[in-house]
Structures are given as structure tokens and as C-alpha cells.
Amino acid sequence: MPIESQFDLVIIGGGINGAALARDAALRDLKVLLLEANDFASGASGHNGRMIHGGLRYLETAQIGLVLEALKERATLLRIAPHIVRPSTLLIPRHQGRGRPGWMVRLGLVALDVLAMGSARRHARLGPAEALRRVPALRSDTLRGAFVMHDAFAECAERLTIENLVDAAALGADLRNRCRVTEVSPAPTGGLRVRWAGPQGPGVADARAVVNATGAWTDETLAVATGSGARMVTKAMGSFMVLRSFAGAPDEAVFFESGSDGRPIIMAPWLGNLLVGTTDRVIEGPTDDAQTSAAEIDYMFDAIAQTFDPGRISRSDILYTYCGVRPLPHRPGQSHKITRKHVIYRHPPPLEGMVTVLGGKLSTFRCVAEQVADTVCEMLGSGARRSSTAQRPLPGAVKSGARQVLAGSPLSALTQERLLGLYGERAVQVLELAARSADLADVIDQETGAIAAELVFAVECEFARSLADILFRRTLLGYRTGRGLQLIDPFRRIARQHLGWATARIDADIKDYEAQLAATDGARFHPAPKHYPEHAPEHTPGQTRLAV
């Protein structure tokens, strides 16, 4: 097979780390190819807690460097991606006989305030009455007050990956999803040769450097390259559940602890419902087999019942679940004790020129990519080219007067706010696409005001290849209460008329999407029990596909 092209850098993995690296490397004038086996952000980058946090819990283990890094990156993301990462408050209730002592929590918050160095408002202390006024559903019989800290939240965290890719493509990076790498080997003329299988058939390219950014699939990727079963990753799965809102539910994030092991759990308003998570358990076997277990639901409901009035919440409120697998540096023991600090590893011969990156957090993806790009440039002898991603806004934050343009359009106020909230300044591009045909301006979802043009925009401008790509990782309409089922008929029409997709492809997409919904349906955890166990049972690995 002929060599498709010569690249400075081939990146394997299209999650947030791979996407940010493609952008950073392209900004340094490197010729970049990115290969993703599934869809971009379809792993942990799209299945996380969405907090862009300063790392309060890492202070307890004296990981000061990690906290400083997270605080700095939080401030950076608020500046370069204000349409995706927004300031938020985090309420930490204190219950008698539960959790860490109040003095310890306050000491940590004071330390966080000092380390933030004025980049965020300082924490506050609330009495029981004020805490109940803010969150009426808190359990009042043991409530002793609360703390409030200031943090950040990415409601549509998937779009951090997408916008990094949009910018990388504009800078000349070659980005391909649904391309599974099948071989990495030394190239005859130096560097490394990468082979893959994709929608257009097999491909092959030579590269001066290759970065393995496949996250929880790191070991599988290395097995392709080395043929060995060497282990670099501990797979730590975190599960989340999405609940219907209830009387007295919080309208800000609430941070509380599990009674069984003291791990933090967060309940946060999300897309009209409540996002609750996360768990932390090591899994073995294929990453694709990870799925939320009943034991994890027990674990979260145990913590909920000791923090909130249990009469207000039941398992019948579970709409659906999802889970992501964190790629932590391989260590024996419990996963929550393994550092979240990222690792950059340069492979020796015969894979000289290959780098593996793993670990890290959503909050720190930008600086992880910067450090990996520094490593690659050093390997390539590319001189003193420095990263500019801390100063360069993501595409949706580049000022274009979008609000004024949309205000002059016939779109409803609900649709205008949705487009600005999801796409930022790029909302103008969606409006321009809608002008192609009158039906593309039609509202296809009454709850959100989403319009038909968004489905086309996802495919033509944001690399989507399927209905699941569109509804989960571009528009996020698949995560609303209706789970996107009300969009099946509009999708059929739009895909046929505006995307030119064949009926067989459309039908296969719908069947696959419905199967993914069934795999994560919260109904499998109904009905609600009459009481919750004091301690969650041992976690057991799931046996079905990755929850989305």
C-alpha cells in the first residue's frame, strides 16, 4: 500500500488530550494527523462530572502542585472558553457525625483561597437556616451549616474537545474519526509508520513522532505497537446518574461525601435535570465493557439519603446513567489513592519517537497538551517554539457580534439563547447555514428551541458521522429528558434531504442510537427501595458496553 503522506506528528486518540494536542501542535506549524477509533470525545472526555475545579480534595494529600496547576488552568479556561466554562458555586453542607470535621474543610478552603491568588472569590460560611434557604431539600435533622466555594462548570464539556478540533482543522490538522490504528512500527526511512482501518478503507502514513493519547485504551494501543501485554494504565471507572429534579432540589452544585469511604460526590443542575456522581472503581478487561452497576447506584443513593431528605428522592427518578473510564498511571491498590497528575512517557527503541500520555483531569487538558507538544518539539529538534493556547480563544469565544446578529434574526429568544449558549460566537455560522433553506430554521425541539440547521452543522462543520455523534456529543439533545427520541423523524428528513444519506444508513443509525439509549436507561434500576443500606456493597465490574 502506498504511503498516504508524511507527517511531523500522528496523534492516536481523539479525546480532549488528543484534540488539544492537535491544536497546540498545529499552532506550532507541525503537520498533524489525528486518528480516533470511534467518535471524538466518546470516551471519558464526554462522560465526566463536568466540573472545572481547583482540586480541593487534592490538598488533603498535599498535592499542592496539582492544585496550583488546576487553579491556573481554571482561570485560563474561563478566559479562552467563557461560552463553555462558566463560573459556578459549590455548596458543601456539614452534617453532624458525617464527613470530615468542619475545621478541616474550612482549613482546606482557606488554603484554596490563598493558592488561587485572587483569581476567584473567597469561600463563605453559612448557618443551617441559610443553607436550607439555598437548598431546601437538604436533610435538616443533622444539618449544622454549610460552606460555599467558587468554582467553574462545563455543562457541555464535550464541546471543549469539539472546539479544540475545529481550531486544529482550521490550522491545517488532518482529523479523522472512525479510524482504528492497526499497527505502529519503525518506518524504513526513520520515524514510525502507522497503519489504520477506516471508513474509506485501510490507510498508512509515516511520522517523525507518534503520540498515544488513547486514555483508557492506552494498553490496547501499546499492544498493537509492541505486541506485548505490558501495562501502563489502571482503569478507574466513574459512574454518574441523571435524576429528574425534585422539590427543593439544588440550583447550584452540592458537594458531599460517601459514608462508606469518604469519597466526594457532587449533585449539580444539568440540562434541566440533576447530574450525580461519581464512583471510583478499578475495572479489568476491555474498556468498552464498562457499565454502571447496581452497586454503584446503591453507593450514590446511600450518600444522597444521608445528605438530602430521602423522602424527596427515589430510584424511580433515575432517567439514565453514564460512565467514563479514567486512565490513571498503573499502581496496585485503590484507584482513588492514585494521583491524578498526568504522565508523559517517551518510549525507547524500537518505538523511539513514540510518546504516551495518560492521567490528568478535564480541568488541566490545555497544559497537558502544551507539555506533550513541548516534548514532541524537543524530540524533533524544532527549536524554541512555544505554546500560544493559553492566550488564543477557542473558536466560539472569538468575537463576531453574534448576539447582535441573532437579535436581528427571526429566531425566537429561546433559540437565540440556546445557540449562543452552545456555540458561542459560532452561532452566527449556524444562522448562516439555516439561511440555505427555510426548513433548516424550523424548531425541532420545543423544550430547548433547537433548530434543524444544528443537525447539518454537526456533520458539515463538527465532524459528526452518526445520529449518536450529533445528539450526544454535538447538540447534547440526547441528554435531555426526552433523550432525543422526539428528533427521530426530523433526523430522517434532514439526513435524507440535506446530508444526502441513504435510507439504509439512516435506519442503521437510528437502530444503533436506540440501542445505546436502552443500555443506559435508568429504568433498570427501578423501583425505589424503601430504605438505603448504611454501606454500599462491594463494587462489581459491569459486563456490557460503555455507557453513553
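The values are calculated or read from the model by the stated rules, or taken from the named source; none is laboratory data. Predicted model only: the values in this text are computed from it and were never measured. In this analysis, Cβ positions are derived from the backbone assuming ideal geometry, glycine residues included, and neighbour counts consider all displayed protein chains.
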(request) Would you please name the residue that is surrounded by the fewest Cβ atoms within 10 Å (Cβ to Cβ), looking only at residues in segment 480-516 that are in contact with a strand residue (DSSP E or B) (Cβ under 7 Å, 6 or more places away or on another chain) and assigned to a helix (DSSP H, G or I)? (result) 486
(request) Only residues that are in contact with a strand residue (DSSP E or B) (Cβ under 8 Å, 6 or more places away or on another chain) and either free of Cβ contacts under 8 Å to residues at least 24 places away in the same chain or over 11 Å from residue 522 (Cβ atoms) (or both): list them for segment 306-321, please. (result) 306, 307, 308, 309, 313
(message) Which numbered condition in (1) out of contact with any strand residue (DSSP E or B) (no Cβ under 7 Å at 6 or more places or on another chain); (2) more than 30 Å from residue 237 (Cα to Cα); (3) free of Cβ contacts under 8 Å to residues at least 60 places away in the same chain is the only one that residue 425 fails?
(response) (3)
(request) Report, by residue number, each residue of segment 298-333 that is β-branched (Val, Ile, Thr) and more than 29 Å from residue 365 (Cα to Cα). (result) 304, 307, 313, 318
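So which of 474, 505 ends up being without any contact (Cβ under 8 Å) to a residue 24 or more places away in the chain and closer than 30 Å to residue 167 by Cα?
Exactly one of 474, 505 is without any contact (Cβ under 8 Å) to a residue 24 or more places away in the chain and closer than 30 Å to residue 167 by Cα, namely 505.
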(request) Considering only segment 185-241, state which residues are in contact with a helix residue (DSSP H, G or I) (Cβ under 8 Å, 6 or more places away or on another chain), charged (D, E, K, R) and at pLDDT 90 or above. (result) 208, 220, 235
(message) For the condition surrounded by 17 or more Cβ atoms within 10 Å (Cβ to Cβ) and among the acidic types (Asp, Glu), what is the one hit in 251, 302?
(response) 302
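Determine whether residue 52 is modelled with pLDDT under 95, under 19 Å from the mean Cα position of the chain (by Cα) and either buried (at least 24 other Cβ atoms within 10 Å of the Cβ) or over 25 Å from residue 459 (Cβ atoms) (or both).
yes
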(request) Give segment 383-440 a look and list any residue that's at positive phi and assigned to a helix (DSSP H, G or I), or say none. (result) 424
(message) Condition (residue is in contact with a strand residue (DSSP E or B) (Cβ under 9 Å, 6 or more places away or on another chain) and either in contact (Cβ under 8 Å) with a residue 12 or more places away in the chain or crowded, with 16+ Cβ neighbours inside 10 Å (or both)) applied to segment 432-440: is it met by at least one residue?
(response) yes
(request) Take segment 95-152 and flag every residue that is over 17 Å from residue 262 (Cβ atoms), outside any helix (DSSP H, G or I), at pLDDT below 80 and not small (Gly, Ala, Ser). (result) 117
(message) Going by what's in this entry, would residue 448 be described as buried (at least 22 other Cβ atoms within 10 Å of the Cβ), in a loop (DSSP other than H, G, I, E, B) and more than 19 Å from the chain's Cα centre (by Cα)?
(response) yes
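Can you find a residue that is in the same structural domain as residue 97 (by TED's automatic domain parsing), in a helix (DSSP H, G or I) and at pLDDT 90 or above anywhere in segment 285-295?
yes
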(request) Among residues belonging to segment 375-388 that are closer than 19 Å to residue 344 by Cα and of a type in the set (Ser, Thr, Tyr), point out the one that is modelled with the lowest pLDDT. (result) 382
(request) For segment 389-410, indicate whether the set of residues that are over 26 Å from residue 440 (Cα atoms) and either among the β-branched types (Val, Ile, Thr) or more than 25 Å from the chain's Cα centre (by Cα) (or both) is non-empty. (result) yes
(request) Can you work out which of the residues in segment 271-295 that are within 21 Å of residue 481 (Cα to Cα), surrounded by fewer than 21 Cβ atoms within 10 Å (Cβ to Cβ) and not small (Gly, Ala, Ser) is nearest to the chain's Cα centre (by Cα)? (result) 271
(message) Can you pull out every residue in segment 167-207 that is surrounded by 21 or more Cβ atoms within 10 Å (Cβ to Cβ) and in a helix (DSSP H, G or I)?
(response) 167, 168
